[in-house]
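The values are calculated or read from the model by the stated rules, or taken from the named source; none is laboratory data. Just so you know, these numbers come straight off a predicted model, no measurement behind them. With ideal geometry, Cβ positions are generated from the backbone for all residues, glycine too; neighbour counts draw on all protein chains shown. Surface areas here come from the heavy atoms of the whole protein model, side chains and all, with no ligands, DNA or RNA. Shrake-Rupley method; radii C 1.70, N 1.55, O 1.52, S 1.80 Å.
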Amino acid sequence: MITGVRLESLAIDPYPILAHLRATEPVAWVDDARMWFVTRRSDVLAILRDPELYRTDSAHSTIRDTFGEQMLSVEGDRHRRYKSQCNAPFNMRSVQGHAMPLIAARIDALMDAFDSEPVVDLRPALASRLAVYTVASVLGIPAALHSRILGWYADFAAALANFGWDEQIRARGHASAREFQDAMGPVLRELERGADPSLLSVLARTVPDRLTDAEIVANALIVLFGGIETTESTILNVLWTLLRHPDALAAIRADWSVLPRAIEEAMRWEPAVQSCTRHLAAPVALYGITLDKGSTIQCMLGAANRDPAHFPDPDRYDIARANAGDHVSFGSGKHFCLGAALARAEVQMTVERVFGRYPALRLDPERPSAPRGFEFRAPPTLHVLLRG
Ligand code: HEM
C-alpha cells in the first residue's frame, strides 16, 4: 500500500503519524522517502539484530558512497576488525580518565564566554561547540583544523541525506571527504611517533594488522559524522525537555541521583537520531507484504521508543519510568553506537553544569523553540534566560 506520509509533516510532529503507522501499517511504504518504514519496537530490534539479512553494506548506502568503507557500511569480519580497533578511546575507562576532564573544562569555558549575557542561544553558544570540540579531541584532530570541521560537516550532512542522488551534492561530499583525507595524512605521520590516547593515534600505532591510512580516515569520518550532530542534538533535546517539565527538573534538583534516568527518558521521548537505515539482502515477507531484495528500510527509532507494547503511556515524559533505558536511541545489535558512553557522559555533565551554574534558567518566552526534523531531530535554536 502507498502511504501518504509526508516527510515535511514528519519533521514537525512525527509521533502521531508514527503511532498511526505502528497501529495500522507496521511496515509501510513511504513514497515521499522511497523507503519502507518499520515502526514497532519488536520489528526494529529484530531487523537491527539480523545483519545477515538487513545490511549496511549496500551500493544504495549514501554513507558508503560519501565516506568509503567504514564500520557503518560493512558487516561480518570487517566490521569486527574496524570496530574493535576503534574501541579503546570510547570505553568507560578512557571516557572517565581522558575525555571527561576535557569536556568539563570546555563546558565551563563556553559558559564563561556568555556569562554576562541575559539571553543566550544554547545551540551555537554551547551544544554545537562542545560537540565539535569533544569529537575532535577524542579523534586527535589538531586544534588548527577544528574551524574547518563544520564546513566539511555541512557537505557530509547533505550528501548523507541525498537519497535522490543529486550529482552536485554527491560531488561536494566527495570533495570534502578528500580534503579531510589530505588533511589527515600529515596528522597520522605525526601521531605514529607519539603516545597520546586519541583515536587516530591509537589506530596509527596499532600492530599487528594496522588499518591502511584510507581505512583509518574512512572510520575517522564516520566517528566525526556520527558524533557531532547526534550529541549536539541530544544535549539540546534533553535541556529542552527538562525546561518544559519543571516538575521533573525540580525532582532532579532535589536528588541529582535521578538525573541519569531522566536523561535516558528524555532520549527515549525525543531521540535525536530518528532512524537507522538497512538494505535487504534477500526478499522477505513482513505482515503479508513482500519486500524485494535491495529495498531500503528505515527502522524508526522514535516510533519504537513510544511503542505502547513496551512503554506504557508512551507519550508521557516520566522520569520514574522503570524501563526508560530500554530505548533504541543508540541503535541495537552489532552497529550499536560506538560513542554511547562518551555521549552519555557529555550530556550528563552539560546538564549538571548548566543547571548548577544557572539555577533559575528558563526558556525565553519571546523566542520559543521546539524540536524539528525527521532524521536528525532537535530544536533549531534554544534561547534561554540565564538568570530567569
Ligand atoms: C547522544 C548522541 C548519539 C546518538 C543519539 C547516537 C546514535 C547512534 C545510532 C542510532 C547508531 C546506530 C546506527 C545504525 O545502526 O545504523 C550509532 C552508531 C554509531 N555511532 Fe553514535 N550516537 C551518538 C553519539 C556518538 C558519538 C559521540 C560518537 C563518536 C564520537 C558516535 C559514533 C558512532 C559510530 C562510529 C557508529 C557506528 C557503529 C557501528 O557501525 O558499529 N556516536 N550512533
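Tell me, please, whether a residue that is touching a residue at least 40 places away in the same chain (Cβ under 8 Å), among the charged types (D, E, K, R) and open to solvent by 60 Å² or more (accessible area, probe 1.4 Å) can be found in the stretch 28-43.
yes
Evaluate the following for L259: is it surrounded by fewer than 23 Cβ atoms within 10 Å (Cβ to Cβ), in contact with a Leu (Cβ under 9 Å, 6 or more places away or on another chain) and not in a loop (DSSP other than H, G, I, E, B)?
Values: surrounded by fewer than 23 Cβ atoms within 10 Å (Cβ to Cβ): yes; in contact with a Leu (Cβ under 9 Å, 6 or more places away or on another chain): no; not in a loop (DSSP other than H, G, I, E, B): yes.
The answer is no for L259.
Give the residue that is nearest to H327 (Cα to Cα), with candidates limited to residues of the stretch 271-304 that are within 11 Å of the ligand (Cβ to nearest atom) and part of a loop (DSSP other than H, G, I, E, B).
Only one residue fits best here, namely P271.
Just checking, which of G325, G333 is within 16 Å of the ligand (Cβ to nearest atom), open to solvent by 20 Å² or more (accessible area, probe 1.4 Å) and on the phi > 0 side of the Ramachandran plot? Break it down into steps so the answer makes sense when it comes.
Values: G325 fails: on the phi > 0 side of the Ramachandran plot.
Step by step, each of G325, G333 is checked, and only G333 is within 16 Å of the ligand (Cβ to nearest atom), open to solvent by 20 Å² or more (accessible area, probe 1.4 Å) and on the phi > 0 side of the Ramachandran plot.
Out of all the residues in the stretch 268-282, is one or more open to solvent by less than 10 Å² (accessible area, probe 1.4 Å), over 22 Å from M300 (Cβ atoms) and over 13 Å from the mean Cα position of the chain (by Cα)?
No, the stretch 268-282 contains no residue that is open to solvent by less than 10 Å² (accessible area, probe 1.4 Å), over 22 Å from M300 (Cβ atoms) and over 13 Å from the mean Cα position of the chain (by Cα).
Test A309 against the criterion of being more than 7 Å from the ligand (Cβ to nearest atom) and open to solvent by 30 Å² or more (accessible area, probe 1.4 Å), and give yes or no.
Numbers: more than 7 Å from the ligand (Cβ to nearest atom): yes; open to solvent by 30 Å² or more (accessible area, probe 1.4 Å): yes.
Considered against the rule, which asks whether it is more than 7 Å from the ligand (Cβ to nearest atom) and open to solvent by 30 Å² or more (accessible area, probe 1.4 Å), A309 comes out as yes.
Are there any pairs with C-beta distances below 6 angstrom linking a residue in the stretch 292-303 that is within 15 Å of G373 (Cβ to Cβ) and in contact (Cβ under 8 Å) with a residue 60 or more places away in the chain to a residue that is crowded, with 17+ Cβ neighbours inside 10 Å and among the charged types (D, E, K, R), with the two at least 6 apart or on different chains, and if so which?
Qualifying pairs under 6 Å: A303/R22.
Would you point out the residue of the stretch 203-225, among those that are touching a residue at least 24 places away in the same chain (Cβ under 8 Å), assigned to a helix (DSSP H, G or I) and surrounded by fewer than 21 Cβ atoms within 10 Å (Cβ to Cβ), that is nearest to the ligand (Cβ to nearest atom)? Full working, then the answer.
The first filter runs over the stretch 203-225 and keeps only residues touching a residue at least 24 places away in the same chain (Cβ under 8 Å), leaving 203, 206, 209, 211, 213-225.
Filter again for assigned to a helix (DSSP H, G or I), leaving 203, 213-225.
Checking the rest, the ones that are also surrounded by fewer than 21 Cβ atoms within 10 Å (Cβ to Cβ) come to 213-215.
Details: D213: 18, A214: 17, E215: 13 Å.
Only one residue fits best here, namely E215.
Quick test for you: out of A46, A28, A104, pick the one residue that is modelled with pLDDT of 95 or more, under 28 Å from N305 (Cβ atoms) and in contact with a helix residue (DSSP H, G or I) (Cβ under 9 Å, 6 or more places away or on another chain).
Numbers: A46 fails: in contact with a helix residue (DSSP H, G or I) (Cβ under 9 Å, 6 or more places away or on another chain); A104 fails: under 28 Å from N305 (Cβ atoms).
Result of the check over A46, A28, A104: A28.
Quick test for you: out of A127, A99, pick the one residue that is more than 27 Å from V207 (Cβ to Cβ), within 13 Å of the ligand (Cβ to nearest atom) and in contact (Cβ under 8 Å) with a residue 40 or more places away in the chain. Explain how you work it out, then say what you get.
Working: A99 fails: more than 27 Å from V207 (Cβ to Cβ).
On inspection, the qualifying residue turns out to be A127.
Looking at (1) out of contact with any strand residue (DSSP E or B) (no Cβ under 6 Å at 6 or more places or on another chain); (2) at pLDDT below 95, find the lone condition where E229 falls short.
The one condition E229 does not meet is (1).
Given (1) open to solvent by 10 Å² or more (accessible area, probe 1.4 Å); (2) modelled with pLDDT of 95 or more, where does L236 come up short, assuming only one miss?
Only one criterion in (1) open to solvent by 10 Å² or more (accessible area, probe 1.4 Å); (2) modelled with pLDDT of 95 or more is unmet by L236, namely (1).
Does at least one position in the stretch 46-63 carry a residue that is among the aliphatic types (A, V, I, L, M), more than 20 Å from P283 (Cα to Cα) and open to solvent by 10 Å² or more (accessible area, probe 1.4 Å)? Don't jump to the end; show me each part of the working.
Of the residues in the stretch 46-63, the ones among the aliphatic types (A, V, I, L, M) are 46-48, 53, 59, 63.
Narrowing the set further to residues that are more than 20 Å from P283 (Cα to Cα) leaves 63.
In the following step, the residues that additionally are open to solvent by 10 Å² or more (accessible area, probe 1.4 Å) were identified as 63.
Within the stretch 46-63, one or more residues are among the aliphatic types (A, V, I, L, M), more than 20 Å from P283 (Cα to Cα) and open to solvent by 10 Å² or more (accessible area, probe 1.4 Å).
Which condition number in (1) more than 22 Å from E375 (Cα to Cα); (2) within 11 Å of the ligand (Cβ to nearest atom) is the one that R244 fails?
(2)
Collect the residues in the stretch 370-386 that are more than 30 Å from I297 (Cβ to Cβ), open to solvent by 10 Å² or more (accessible area, probe 1.4 Å) and not hydroxyl-bearing (S, T, Y), keeping them in residue-number order. Break it down into steps so the answer makes sense when it comes.
At the first step, the residues of the stretch 370-386 found to be more than 30 Å from I297 (Cβ to Cβ) are 381-386.
When the remaining residues are screened for being open to solvent by 10 Å² or more (accessible area, probe 1.4 Å), the result is 381, 383, 385.
Residues satisfying the conditions are H383, L385.
Out of all the residues in the stretch 109-161, which are of a type in the set (S, T, N, Q) and open to solvent by 10 Å² or more (accessible area, probe 1.4 Å)?
Here is the first cut: in the stretch 109-161, the residues of a type in the set (S, T, N, Q) are 116, 128, 134, 137, 147.
Across the stretch 109-161, the qualifying residues are S116, S128, S137, S147.
Condition test on S84, is it within 15 Å of the ligand (Cβ to nearest atom), open to solvent by less than 40 Å² (accessible area, probe 1.4 Å), on the phi < 0 side of the Ramachandran plot and modelled with pLDDT of 95 or more? Walk me through it before giving the result.
Values: within 15 Å of the ligand (Cβ to nearest atom): yes; open to solvent by less than 40 Å² (accessible area, probe 1.4 Å): no; on the phi < 0 side of the Ramachandran plot: yes; modelled with pLDDT of 95 or more: yes.
Answer is no for this residue.
Would you check if I319 is open to solvent by less than 40 Å² (accessible area, probe 1.4 Å), touching a Lys or Arg at 6+ places or on another chain (Cβ under 7 Å) and either within 11 Å of the ligand (Cβ to nearest atom) or assigned to a strand (DSSP E or B) (or both)? Walk me through it before giving the result.
Values: open to solvent by less than 40 Å² (accessible area, probe 1.4 Å): yes; touching a Lys or Arg at 6+ places or on another chain (Cβ under 7 Å): yes; either within 11 Å of the ligand (Cβ to nearest atom) or assigned to a strand (DSSP E or B) (or both): no.
Spelling it out, it is not the case that I319 is open to solvent by less than 40 Å² (accessible area, probe 1.4 Å), touching a Lys or Arg at 6+ places or on another chain (Cβ under 7 Å) and either within 11 Å of the ligand (Cβ to nearest atom) or assigned to a strand (DSSP E or B) (or both).
Among the listed residues R344, R367, R353, identify the single one that is part of a helix (DSSP H, G or I), surrounded by fewer than 18 Cβ atoms within 10 Å (Cβ to Cβ) and not hydroxyl-bearing (S, T, Y).
The conditions single out R353.
Residues to consider are E69, E75; find the one that is among the charged types (D, E, K, R), touching a residue at least 12 places away in the same chain (Cβ under 8 Å) and within 11 Å of the ligand (Cβ to nearest atom).
Values: E69 fails: within 11 Å of the ligand (Cβ to nearest atom).
After ruling out the rest, the residue left standing is E75.
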